[in-house]
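Data block below; observations after.
The values are calculated or read from the model by the stated rules, or taken from the named source; none is laboratory data. This one's a predicted model, so the numbers in the text were calculated from it and none came from an experiment. Because the Cβ atoms are built from the backbone with ideal geometry, glycine has one as well, and the counts that use them run over all protein chains shown. Calculation scope for accessible area: heavy atoms of the full protein, side chains included, ligands and nucleic acids excluded. Shrake-Rupley method; radii C 1.70, N 1.55, O 1.52, S 1.80 Å.
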There are 2 protein chains.
Amino acid sequence: MTDVSKLSIGILGGTGDQGKGLARRFALAGHPVLIGSRNAQRAQEAAESIGAGATGAENADVARRADIVIVAVPYEGHKALLESLRDELAGKIVVDCVNPLGFDKKGAYALPVEEGSAAQQAAAVLPDSRVVAAFHHVSAVLLLDPEVEKVDLDVLVLGDDREATDTVQALAEAIPGVRGVYGGRLRNAHQIEALTANIISINRRYKAHAGIRITDI
Amino acid sequence: MTDVSKLSIGILGGTGDQGKGLARRFALAGHPVLIGSRNAQRAQEAAESIGAGATGAENADVARRADIVIVAVPYEGHKALLESLRDELAGKIVVDCVNPLGFDKKGAYALPVEEGSAAQQAAAVLPDSRVVAAFHHVSAVLLLDPEVEKVDLDVLVLGDDREATDTVQALAEAIPGVRGVYGGRLRNAHQIEALTANIISINRRYKAHAGIRITDI
């Protein structure tokens, strides 16, 4: 298992629920965590609400300083933000956890993405970064709940760079209960992002915070 | 739970591994099973190899006689076959388990489907049937292995007709070890079909017959 315990984690869009939830768990696991936002003050407020040594700064600052950068922004602003951070993110592992979803009265559904998936869009926009897709299905509610000690799911990690996916699998396991599982190449990221729509349907039907586990491994 | 124990199950493309594996488990569970094929003799041979009272016939015959019809044909012939069986399948629950996948030296990947997914294609071609999507991730190898008593996975069942999805969830549980879980509307079937490409990647990496389980339900 790759030793990732010393790596600093930056989270773009770290003031949203998903980003803040991941930030909280990585900070509790002892990682230096940098919360990014368009607004440095909002980032600092989110960092203070998390505690455990997390700090906040503007997205560009976070992208420059962190060892690994997680992208947890809404899909609408995804492409433009990454285009603006191409230099800061060059050479780094960039972990995309964005789910391009639409919502209507029948629930959630997958949005079409020209590049195939949000992760492939990130890879197209960031040719000098090592893009990995992961953390799509982790419930922000559970990540943020101080009474939830363990999160019962596998994080599927997709990418074309073996060292990068190994690193992110190890990183996922900093969250208690989580197992990091290789889930295929980046070209198969669309269905992992879109599966979040099904998980939302399952949550509604069963009144749950569902996740997935892979059997026989 | 809906009582499905008396229902007869027809399987179009029942001479392929996936169809034959499902046929075997349903026959062992006591369902009358009708194996369908373009060629009646090949269907009968497959039925004999399964035993447990399974019988074989041409696809059209099976579509007409069975209470519930499972579609387990290769994607290439999917649309044309269903178009030819519109009358036979009218009013019935039709369970699509087809995975539109391509393969190259990098592994499996999802094929685009004009209607969105194989299941939506079936629904478009069969306006008078009750189309449900299910059984995409069950390993044919495990279904066919006489030493495998239980198959460790959840079968995700998708559809827009509650009674039909309830019935297919109950049917899935005729396979020992399997739990039938509602997985969303038919418009979210694409990613469930495409997820089979990821499961193939996982099987290669981990030397496994992987399946998925939903947590927290």
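Structural descriptor for the range A:26-142: relative contact order 20 percent, calculated from alpha carbon pairs under 8 angstrom and at least 6 residues apart. Inter-part distance, the range B:92-123 to the range A:109-145, computed on C-alpha centroids, equals 23 Å. Element breakdown for the protein assembly as shown at a 1.4 angstrom probe: carbon and sulfur atoms account for 47% of the accessible area.
For A:ARG130, the residues whose amide H sits under 5 Å from its own are A:GLY91, A:LYS92, A:ILE93, A:VAL94, ignoring neighbours fewer than 5 places away on the same chain, with H placed 1.01 Å from N.
Label point of B:GLY91 (7 Å along Cα→beta-carbon): distances to the other copies' equivalent points are 7.1 nm, sorted ascending.
In loop segments of the range B:151-217 as defined by DSSP, the trypsin sites (Lys or Arg not before Pro) with at most 16 further C-beta atoms inside 10 Å of their C-beta are B:LYS207. Estimated at the nearest 10 Å², the accessible area of A:ARG64 is 130 Å² with a 1.4 Å probe. For a test of the definition: using alpha carbon positions, the gyration tensor, and the 1.5 limit on a/c, classify chain B as rounded, prolate or oblate. Rounded is the answer for chain B, as its axis ratio a/c remains below 1.5.
Take the Cβ atoms of A:ASP17 and A:ASP67, set R0 to 22 Å, and the FRET efficiency comes out at 0.40.
GNM remark for chain B: springs join alpha carbons under 10 Å apart, and the peak mean-square fluctuation among B:ILE11, B:ILE70, B:ILE175 falls on B:ILE175. Label-point distances for B:ASP216 to the equivalent site in the other copies, using a point 7 angstrom along Cα→C-beta, read 2.7 nm when ranked shortest first. Each Cα pair under 8 Å and six or more residues apart adds its separation to the average, and for chain B the resulting relative contact order is 18 percent. Share of pairwise Cα-Cα distances greater than 35 Å in the protein assembly as shown is 31 percent (whole percent).
Couplings for the range B:53-70, taken from phi via the Karplus curve 6.51 cos²θ - 1.76 cosθ + 1.60 with θ = phi - 60°, read x, 5, 10, x, 6, 5, 3, 5, 4, 5, 4, 6, 8, 6, 6, 10, 10, 9 Hz in order; Gly and Pro are left as x.
Solvent-accessible surface of the protein assembly as shown, averaged per residue with a 1.4 angstrom probe and all protein chains in place: 40 square angstrom. A cut-off under 12 angstrom between Cβ atoms defines the neighbours of B:ASP87, and their net charge, with Lys, Arg +1 and Asp, Glu -1, is 0. Per residue, the average separation of C-alpha pairs within less than 8 Å and at least 6 apart gives the range B:81-201 a relative contact order of 29 percent. Taking both sides together, the accessible area buried where B meets A is about 3300 Å² for a 1.4 Å probe. For A:VAL155, the amide hydrogen comes within under 5 Å of the amide hydrogens of A:ARG179, A:GLY180, A:VAL181, counting only partners 5 or more places away or on other chains and with H modelled in the peptide plane.
Counting Cβ atoms of other protein chains within 10 Å of each residue's Cβ and taking the mean over peptide A:104-111 gives 3.
A label point on A:ALA40, set 7 Å along the Cα-to-Cβ line, lies at 8.2 nm from each of its counterparts in the other copies, closest listed first. In a DSSP loop and with at most 11 other Cβ atoms within 10 Å, the GluC sites (Glu not before Pro) in the range B:119-217 are B:GLU147, B:GLU149. Entry note, chain B: the mean residue ellipticity at 222 nm calculated from DSSP H runs of n ≥ 4, each adding -39500 (n - 2.57), is -11500 deg cm²/dmol after division by the residues and rounding to the nearest 500.
With R₀ fixed at 30 Å, the C-beta to C-beta distance from B:ASP145 to B:ARG204 puts the FRET efficiency at about 0.95.
The order of A:ASP61, B:ASP96 by accessible area, most exposed first and with a 1.4 Å probe, is A:ASP61, B:ASP96.
Sorting A:LYS20, A:LYS79 by solvent-accessible area of protein heavy atoms yields A:LYS79, A:LYS20, largest first, with a 1.4 Å probe.
Note on B:191-203: average number of Cβ atoms from other chains within 10 Å of each residue's Cβ is 6.
Local charge for B:ARG162 was computed over the other residues whose Cβ lies under 15 Å away, with Lys and Arg +1 and Asp and Glu -1, and equals +1.
Amide H contacts under 5 Å for B:LEU101: B:LEU111, restricted to partners 5 or more places along the chain or on a different chain, H placed in the peptide plane at 1.01 Å from N. Computed about its Cα centre, the charge dipole of chain B is approximately 480 debye, with only Lys, Arg, Asp and Glu carrying charge at their Cβ.
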